[in-house]
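To start, the structure itself, in structure tokens.
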Amino acid sequence: MIYLSPPHMSGKEIEYIKEVFESNYIAPVGEFINKFEKSIKNYTDAKNAVAVCNATSGLHLALKVLGIKDSQVAVSTFTFIGSVNPILYERNEPIFIDVDEYWHMDVELLEKAIKKNNIKAVILPHIYGQVADIEPILKLCKENGIYLIEDSAESLGAYYKWKMENGEWRIRYSGTIGEFGVYSFNGNKLLTTSSGGVLVSNNEELAKKAKLLSTQAKEPEFVEYVHKEVGFNYRMSNVLAAIGVGQMEVVEERIAKKREIFNWYREFLNEEFMPELHNTRGTRWFTTVVFKNKNPFEVMKRLQENQIESRPLWNPMHLQPLFKGAKVYLNGRSEELFKKGLCLPSGTTLTKEQVKGICEIIKSV
């Protein structure tokens, strides 16, 4: 079976897990939590990092810390539901925004939504390993006093080249530009800790508050258990963090392979692929294709018959029964992508011959 994006261990993970067991710090504390958070900060240049049990919990903490409750939150409709569920956890109303030609939140539609609603926060998903055109969205948020939260669950390692006032260009990693950003380390991501996530922020006070809430809001200055507010059991375990430390050592190697796989698909298939925004570097976590004259569900069936896993593009959130009647600002692009697109196998152990074989099967449909 060729899977969509299976885990790929570096070889160091088992050594680090052995250290965890030898130290007996298998509980949700230990030195590898600190090492993992430090590796994220060093790589992304984020000032603060909090390792949590998954990316969804990270988004929830971001909304909680920012005080976004019983309010309106704008979010891309073309995303995984993990971007949206945390909005509901705090009894907020999601307002769905369609996507631009790069498959990310359309800033013009966002501006329309802001003018007609009382939006307090924007959750901006960077999907399939790419980066959204974040600069105009950030500007719009600042002008309207709106918090920007980046859902970078799928885009660890992707970056945006930011032109500074002095004319120089600076690399800003996905997740480090808004008030908060979150990365996922689920089993199918670029890097994995089996399950897990990391919440990042350049605001030290906000990050400290998020960490406090992630550990049941137990006040650290008291020996006895003292709690002043509702907390959550969202902290990552030391064992999973040890896996993360090993994975972070090969992050650039994995990105290079993902991008190579994408180029192989582009070589063998005469179809449309997800575009990459200028002045950015995506990771190509998934190679995603939009067919000109093929039914993606027929392609998916043919691949499955050959023991090859694929997946439709995101089914837009505004089409979900859960969000029937929700406010939505559309241009038709997300629905069109869902009808025509497919995620292709993108695991970092794929060979060029395997990709060529996959493409031959696709072309036979």
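The values are calculated or read from the model by the stated rules, or taken from the named source; none is laboratory data. The shown structure was predicted, so the numbers you read here are calculated from the model rather than taken from an experiment. Cβ placement follows ideal geometry from the backbone for every residue including glycine, while neighbour counts extend to all protein chains displayed.
A few comments on the model shown:
- Residue check for Lys208: surrounded by fewer than 18 Cβ atoms within 10 Å (Cβ to Cβ), at pLDDT 95 or above and not polar (S, T, N, Q): yes
- Looking at Leu322, Leu277, Leu337, just one residue is within 26 Å of Ala256 (Cβ to Cβ) and either assigned to a loop (DSSP other than H, G, I, E, B) or outside the structural domain of His126 (by TED's automatic domain parsing) (or both), and that residue is Leu277.
- Test: residue in the stretch 159-168 that is in contact (Cβ under 8 Å) with a residue 60 or more places away in the chain, crowded, with 24+ Cβ neighbours inside 10 Å, in contact with a strand residue (DSSP E or B) (Cβ under 8 Å, 6 or more places away or on another chain) and not aliphatic (A, V, I, L, M): no
- Exclusive hit being surrounded by fewer than 22 Cβ atoms within 10 Å (Cβ to Cβ), in a strand (DSSP E or B), modelled with pLDDT of 95 or more and more than 16 Å from the chain's Cα centre (by Cα), set Lys35, Lys120: Lys120
- Counted residues, the stretch 242-260 - those being touching a Lys or Arg at 6+ places or on another chain (Cβ under 7 Å) and assigned to a helix (DSSP H, G or I): 4
- Residues being assigned to a strand (DSSP E or B), closer than 23 Å to Lys208 by Cα and small (Gly, Ala, Ser) - total across the stretch 50-98: 1
- Every residue from the stretch 40-49 that is part of a strand (DSSP E or B) and hydrophobic (A, V, I, L, M, F, W, C): Ala49
- Of Pro275, Pro316, Pro312, Pro321, all but one fail to be under 19 Å from the mean Cα position of the chain (by Cα), surrounded by fewer than 14 Cβ atoms within 10 Å (Cβ to Cβ) and either among the acidic types (Asp, Glu) or at pLDDT 95 or above (or both); the exception is Pro275.
- Qualifying residue in the stretch 261-269 (condition: in contact (Cβ under 8 Å) with a residue 60 or more places away in the chain, of a type in the set (Lys, Arg) and either crowded, with 20+ Cβ neighbours inside 10 Å or on the phi < 0 side of the Ramachandran plot (or both)): no
- Odd one out for Glu267, checked against (1) modelled with pLDDT under 95; (2) closer than 26 Å to Pro6 by Cβ; (3) charged (D, E, K, R): (1)
- Unique residue being under 30 Å from Ala256 (Cβ atoms) and either touching a Leu at 6+ places or on another chain (Cβ under 9 Å) or hydrophobic (A, V, I, L, M, F, W, C) (or both) when the list is Val182, Val226, Val230: Val182
Residue-by-condition table, conditions (1) in the same structural domain as Ala153 (by TED's automatic domain parsing); (2) among the hydrophobic types (A, V, I, L, M, F, W, C); (3) more than 29 Å from Val122 (Cβ to Cβ); (4) outside any helix (DSSP H, G or I):
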{"position": "Thr176", "(1), (2), (3), (4)": "yes, no, no, yes"}
{"position": "Lys208", "(1), (2), (3), (4)": "yes, no, no, no"}
{"position": "Phe222", "(1), (2), (3), (4)": "yes, yes, yes, yes"}
{"position": "Tyr225", "(1), (2), (3), (4)": "yes, no, yes, yes"}
{"position": "Val239", "(1), (2), (3), (4)": "yes, yes, yes, no"}
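- Unique match (being touching a Ser or Thr at 6+ places or on another chain (Cβ under 7 Å), of a type in the set (A, V, I, L, M) and closer than 30 Å to Met248 by Cα) among Val65, Val99, Val50, Val122: Val50
- Scanning the stretch 138-153 for residues that are among the charged types (D, E, K, R) and crowded, with 21+ Cβ neighbours inside 10 Å, we see that the one that is farthest from Cys53 (Cα to Cα) is Glu150.
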